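These notes concern the structure reproduced below.
Just so you know, all these numbers are worked out from the coordinates, no wet-lab data involved. Everything numeric here is computed off the predicted structure, so don't read it as measured data. Quick reminder, even Gly has a Cβ in these numbers, built from the backbone with ideal geometry, and neighbours come from all protein chains shown.
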Amino acid sequence: MNISYLNDEFFSRLETMSLNLKSSLAGYFGGKHLVKTYGQTVEFADFREYQLGDDIRRIDWNLFSRFEKYFLRLYTDERQMQVQIFLDCSASLGSEDPHKAAYAVAATAALGFLAVQNMDKLSINFMRGEKSENPYGTIIGKNGFFRAMSDLSEITFDGEVDIEKCVKSCPDTGENNGLTVIISDFFTDSDWKRAVDYLLYKKRQVLLVQLLTTDEIDPAYDGRVNLLDSEAVDISDTKNMKLRINKAMIEAYTQALSDFIDDIRTYCNKRGVGFISVDTGKPIERVLFGDLLKAGVME
């Protein structure tokens, strides 16, 4: 992959942004996400009447002098979440178009940077075949993050990926403690919806990021062409086809792609899953400061 968006300017534009995770997630103590439970921070949240067994150090004596009742001062709780990114490393995501691969890496890096900036735990999982690889372990802090980023742009994209098996093979998906992002074009025969259902069963917040090239969205083919599947085993693979492309076929493809994207969006809307579909031919800033903001993942 010869194209890379990862530089100081790229990350500096993310400094003012943060991840917007659901406040109902449990997480770990010590992060920056305010949750609905009460805890030990210095930010005041509410009062409630004293009950037997409560910590008497939290009694507000000014209120006692006014109402002759004991009230406790409650403070907001902050939690550290687990952000988990699954990156599709199949051939269709990057072997033919370096911009698509660069977008995939940039989206991974951007979401990962926002995670460590929020003091969250981060794991980056490369989906290959039927398993996911996590070469960096759990990343905490910017030093560990940038060490991982030093070779992220060198990853390869090849073969096929079974998203369901890759997600389920992950030894630690967490439960009710953060965000899981799946970055893919979702051009797969595997049942990726079962992977999402599994994550929802684990009470994870889920975001799907679909990456499509301009040619995939609006193909400019005409006449006789040889269509070679980037994930085909060899030239004789039945996925490869010789076709005569005409206007009717282009219109049928456009409608099929629209139906495909609508099916993903409908599925996600029904389950409260975030979803964005990205044209990799457009500026990366649109993804970072447009689509992700609209999806409610960044703020």
- Task: For Gly159, enumerate residues with amide H under 5 Å from its amide H, sequence gap 5+ or separate chain, H modeled in the peptide plane.
- Result: Ala91
- Subtracting the Cα-Cα distance of Glu49 and Lys203 from 0.36 nm times their residue separation yields 52.2 nm
- Along Cα→Cβ, 7 Å out, is where each label goes; now give me the distance between the ones at Glu9 and Asp263 in nm to one decimal. 4.1 nm
- Query: Within the set Lys121/Lys270; Lys69/Lys121; Lys203/Lys294; Lys100/Lys142, which residue pairs have Cα atoms separated by over 31 Å?
  - Reply: Lys69/Lys121
- Query: Fully extended, how many nm does the chain gain between Ala252 and Lys168 (0.36 nm per residue separation, minus their Cα-Cα distance)?
  - Reply: 26.8 nm
- Can you tell me the equivalent ellipsoid semi-axes for the stretch 126-224? Use √(5λ) from the Cα gyration tensor, largest first, whole Å. 27, 20, 13
